[in-house]
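The values are calculated or read from the model by the stated rules, or taken from the named source; none is laboratory data. Note that this is a predicted model, so its numbers are computed, not measured. Because the Cβ atoms are built from the backbone with ideal geometry, glycine has one as well, and the counts that use them run over all protein chains shown.
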Amino acid sequence: MKKSTKTITFTALLIALGIILPHLAHSLGGQAAGAMWLPMHLVAILAGMLVGPLVGLGVGTATPLLRFLIFGMPPMPLVWFMVLEVGAYGLFAGLARKQMKMPVWASLLVSQVLGRGVRMLSLFIAARLLGMTNVVAATAVITTELITGLPGIVLQWFVVPNAARLLHKHVR
């Protein structure tokens, strides 16, 4: 898709969806619902797959920042980890799907693994910078986040292929 009014409009729609879905999840399921259902990840992955890696990166980085500015969520300093992680989801989904021409399911898997990898790496780096040397504690935090996010990961496997297939026609 070339940069056009349609691309800009679709990107803005995805950013708006990335702001609204977590708000809806928190309203229905409390604060833990965002970490469980990963709605911002879902939107960034779709942006990358449907429009491309740079738009996926843009949607993935803008969404947590705008949510923080509007709602104060995700809280500081978590917002910075979310910017890195969700941006990585959009970037890697777009690279895998648009640049490497991988099927949707493979692009989704690549983005899930690499996005979580960026999150883990950024947490380990932050822990080191803060002087934390207990690898077991850092690993426990990462494992807990992964387990908490399993419903969202499973949801992505149902939503992303179907949404990508349906929206692909309209994005062109």
Next item on the list: Spot the failing condition for ALA35; the list is (1) in contact (Cβ under 8 Å) with a residue 40 or more places away in the chain; (2) under 19 Å from LEU167 (Cα atoms), and only one is missed.
Entry: (2)
Check: What pairs can you find where one residue is in the stretch 39-60 and touching a residue at least 12 places away in the same chain (Cβ under 8 Å) and more than 13 Å from VAL159 (Cα to Cα), the other is in a loop (DSSP other than H, G, I, E, B) and not polar (S, T, N, Q), and their Cβ atoms are less than 6 Å apart, with a gap of 6+ or different chains?
Finding: VAL51/MET1
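Conditions (1) among the β-branched types (Val, Ile, Thr); (2) assigned to a helix (DSSP H, G or I); (3) touching a helix residue (DSSP H, G or I) at 6+ places or on another chain (Cβ under 7 Å), marked per residue:
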site	(1), (2), (3)
LEU109	no, yes, no
ARG119	no, yes, yes
MET132	no, no, yes
ALA137	no, yes, no
VAL160	yes, yes, yes
ARG165	no, yes, no
Next item on the list: From GLY94, GLY18, GLY90, GLY34, grab the single residue that is closer than 24 Å to ALA126 by Cα, buried (at least 22 other Cβ atoms within 10 Å of the Cβ) and modelled with pLDDT of 95 or more.
Entry: GLY90
